[in-house]
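**Student:** This structure is in C-alpha cells; I'll ask about it shortly.
The values are calculated or read from the model by the stated rules, or taken from the named source; none is laboratory data. For clarity, every value in this text was computed on a predicted model and none was experimentally measured. Cβ: placed from backbone, ideal geometry, glycine included. Neighbour counts: every protein chain shown. To get the accessible areas, we keep the full protein, side chains included, count just its heavy atoms, and leave off ligands, DNA and RNA. Shrake-Rupley method; radii C 1.70, N 1.55, O 1.52, S 1.80 Å.
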Amino acid sequence: MLKRFGSLSMSLVLMAGILAACGGSNNEANNGAASPTATGTAEGGASNEPVTINMFTASPEYTDAFNAYIAEYKKVKPNVTINLEIMQADYNTVLKSRIAAGTTPDVFQTTAGGDIDTYAEYSADLTNEPLAAAMTDAVRSNMSSSDGKVLGLPVKGNLFVLMYNKKLLADAGIANPPKTTAELADAIAKLEAKGITPFANAYKEWWVWKHIAQHFVDAAAQDANISPKELVDQFIAGDTTFKDHPVLYNNFFDFIDTTVKHGTDKPLERDSNAEVSDFASGKAAFMTGKGAWDEEAIKKITPDFQLGIMGYPVSDKAEQSQIITGADQALRINKDSKVAKETIEFFNWLYTSDYGKSWFSNVAKVIPPIKDAPMPDLDMPKQMVEILKTEKSGDLSVNYSLDTFHQKFGELMQAYIGGSKKKDQAVDEIQKAWIQFGSSQ
C-alpha cells in the first residue's frame, strides 16, 4: 500500500542527467502533464541516440530511492534520461485524465490485483521478459491479469500487520502478543491498568481501512472453506454480504469499536503522520492499518524503538491471526509509448542486475519482490522471515477489489465511527459499493 502524507501534494520532475552529475540530489521543476512528444525519439532508434522516458508515480516516500536507480542507470545507458514526476494528491484523477487525453506517461503506477485488469489495454505485456521471471511467484500473481499476462512491475514486496511496542507490552506484563479476541481484551485491560493507551489509529485516511479489513476477510473465507478471492468475488456478485459472515459482521466492527474506545483521541482527525508520531513516541501500544513502509519513519522519531509485528486477533482461533505479505502496488509500461522497448530494457536491468537486487534492500529498504535478493536490515522484514518459518502468510485480499471500492469502503467506515451511519446502514452501503465499484468488468 502507498504510504500517505496527509494532504501532501508534490509534483517533482527529476532529470537523471542532472542527478548523475549532482550525486542524486533532488531537483524540482514545475511540470504539467507529459506531452505526446515528450518521449522524444523515434521508435527503433540507434542505442546511442537520446532517449527520454517519462515516469509518473504516486510514491513520494521512495523519491530518493528512485533517484538513486535513475542516476545509476545513467552510468549504464548515458543516452537515456528518465523524468520522474511524483504526485500524491489526486494522482488517480490526473492519471485518468492523461490517459483520456492521449498523453499516457511511458511509466505509470496503479494498485495491483484487480486494477491490473482495469489498465490492461494501456499496459505492455511483460510475460516473457527477464523481469517477470525474476519476480517471486506470489508477487508475479499480483502483477498478472485475469488471463495470466504479466502487465505490472512490483514497486516492492509488502507486509501488513498490527504493529506493537514491545516495551509497553512488557511494562504491562504481557509476555506474548495477543492472537485471539479474548487475549486482546485481556491485553487492553492490562495496558490501561498501567495508564497506557492501547491503540494509535489513522482513521482520517480512507486506505487504512482496507488494510485492517483484509485480515477479517481472510478469516471469513477460512470459515466458509473457500479462498479469499472466491469470497470477494461473491461480494462483488452480490451473492453474499457481511451479515452472512460473523467474523466480518460482528468481529470486524467490534474490533473497530474497540480501537476507537481504547485509542488516541479524535480518530477521524489523525492522519498517517500523526499515527506514526503517536506510536513512535510511546503514546500507544498498537498501531493499526499500516505496514512495513512505516519502520524507517518510526525509527527516525525513536531510533531505539522496540518494534514488534503480529497478525490481527480476528476471532477466537489463534491460527487466524496472520501477517499478510504480497505486492499491492504496480508500475505499468505504456504499450503505445514510443520508447516502450527502451523502458522495458531499463526495468529488465533493475530487476535482474546485481545493482537492482541490492537496490530493493539497501537503497529503497523494502521487502524485495524478486528472487535471490537479500532482505533489508530492518526489524519488520527480519521478524516476517521468522514468523513465516512456522506460520502461513494471510492472503493479500485487498488485491481482489479495486481501489474505487476501497475508497468508498473507507468513507463509509469513517461515517460509521463518526456516528452519521449505523452499523447496518454501513453494511448495506458497503455491499452496494462492492457491486458497483468492486470489479473492472
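**Student:** Using the alpha carbon gyration tensor of the chain, what are the three equivalent-ellipsoid semi-axes (square root of 5 times each eigenvalue), largest first, in whole Å?
**Tutor:** Working through the eigenvalues yields semi-axes of 38, 24, 20 Å.
**Student:** Pull out a ≥ b ≥ c, the square roots of the eigenvalues of the alpha-carbon gyration tensor of region 344-412, then state rounded if a/c is under 1.5, prolate if not and a/b is larger than b/c, and oblate in the remaining case.
**Tutor:** Details: a/c = 2.42, a/b = 1.37, b/c = 1.77.
Oblate is the answer for region 344-412, as a/c is 1.5 or above yet b/c matches or exceeds a/b.
**Student:** Continuing with this model, one more query. Send over a whole-number figure in Å² for the accessible area per residue of region 139-260, probe 1.4 Å. Working shown, then result.
**Tutor:** Working: 4390 Å² over 122 residues.
Per-residue accessible area for region 139-260 comes out at 36 Å².
**Student:** Further question: Which angle from 0 to 90°, rounded to the nearest 10, does the C-alpha axis of helix 403-418 make with the longest principal axis of the chain?
**Tutor:** 30 degrees
**Student:** Further question: Can you give the Rg/Rh ratio of region 273-368, where Rg is from the C-alpha atoms and Rh is the Kirkwood radius?
**Tutor:** Details: Rg = 18.6 Å, Rh = 16.8 Å.
Across region 273-368, the Cα-based Rg/Rh ratio is 1.11.
**Student:** Nearest 10 degrees is fine. How inclined is helix 91-100 to the longest principal axis of the chain, computing both from alpha carbons?
**Tutor:** For helix 91-100, the angle is close to 40 degrees.
**Student:** Step through the table entries Lys210/Lys382; Lys96/Lys423; Lys167/Lys382; Lys290/Lys317, compare each Cα-Cα distance with 28 Å, and write down the pairs that go over it.
**Tutor:** Details: Lys210/Lys382 24 Å; Lys96/Lys423 33 Å; Lys167/Lys382 18 Å; Lys290/Lys317 23 Å.
With Cα atoms farther than 28 Å apart: Lys96/Lys423.
**Student:** Over the Cα atoms of region 235-317, Rg to Rh with Kirkwood Rh, two decimal places? Mind showing how you got there, number by number?
**Tutor:** On the way: Rg = 15.7 Å, Rh = 14.9 Å.
Ratio of gyration radius to Kirkwood radius for region 235-317: 1.06.
**Student:** In degrees between 0 and 90, to the nearest 10, how far off the longest principal axis of the chain does helix 423-437 point, with axes built from Cα atoms?
**Tutor:** Helix 423-437 sits at roughly 20 degrees to that axis.
**Student:** When only C-alpha pairs under 8 Å and at least 6 residues apart count, what is the relative contact order of region 94-244, in percent? Intermediate results must be reported in sequence, preceding the final value.
**Tutor:** Values: 85 pairs, mean separation 17.7, N = 151.
That works out to 12 percent.
**Student:** In debye, nearest 20: dipole of the chain around its Cα centre with unit charges on the Cβ of K, R (+) and D, E (-)? Kindly include the intermediate steps, with their values, before the conclusion.
**Tutor:** On the way: 42 positive and 56 negative charges, 118 e Å.
Dipole magnitude for the chain comes out near 560 debye.
**Student:** Mind listing the long-range amide H neighbours of Gln329? Cut-off is under 5 Å, sequence gap 5 or more, other chains count too, H placed in the peptide plane at 1.01 Å from N.
**Tutor:** Amide H to amide H, under 5 Å and 5 or more residues apart or across chains, Gln329 pairs with Ala112, Val155, Lys156.
**Student:** Moving on to the next point. So what does the Cα-only Debye profile of region 107-253 read at q = 0.11, 0.21 Å⁻¹, as log10 I(q)/I(0), no solvent term?
**Tutor:** -0.63, -1.29
**Student:** Let me ask something else about it. Counting only DSSP beta bridges with both residues in the chain, what percent are antiparallel, rounded to the nearest 5? It would help to have the intermediate numbers written out before the result.
**Tutor:** Working: 26 of 39 bridges.
Approximately 65 percent, going by the DSSP bridge assignments.
**Student:** Can you sort Thr118, Thr390, Thr264 by solvent-accessible area, 1.4 Å probe, largest first? If you can, show how the numbers build up before the last one.
**Tutor:** Working: Thr118 50, Thr390 120, Thr264 20 Å².
Accessible-area ranking of Thr118, Thr390, Thr264, largest first: Thr390, Thr118, Thr264.
**Student:** Apply the Karplus curve 6.51 cos²θ - 1.76 cosθ + 1.60, θ = phi - 60°, to the phi angles in region 332-345 and return the couplings in whole Hz, x for Gly and Pro.
**Tutor:** 10, 9, 4, 5, 9, 5, 5, 10, 4, 4, 5, 5, 4, 4
**Student:** On the accessible surface of the chain, probed at 1.4 Å, how many percent belong to carbon and sulfur atoms? List each step's numbers first, then the result.
**Tutor:** Details: 8500 of 17700 Å².
Reported share for carbon and sulfur atoms: 48 percent.
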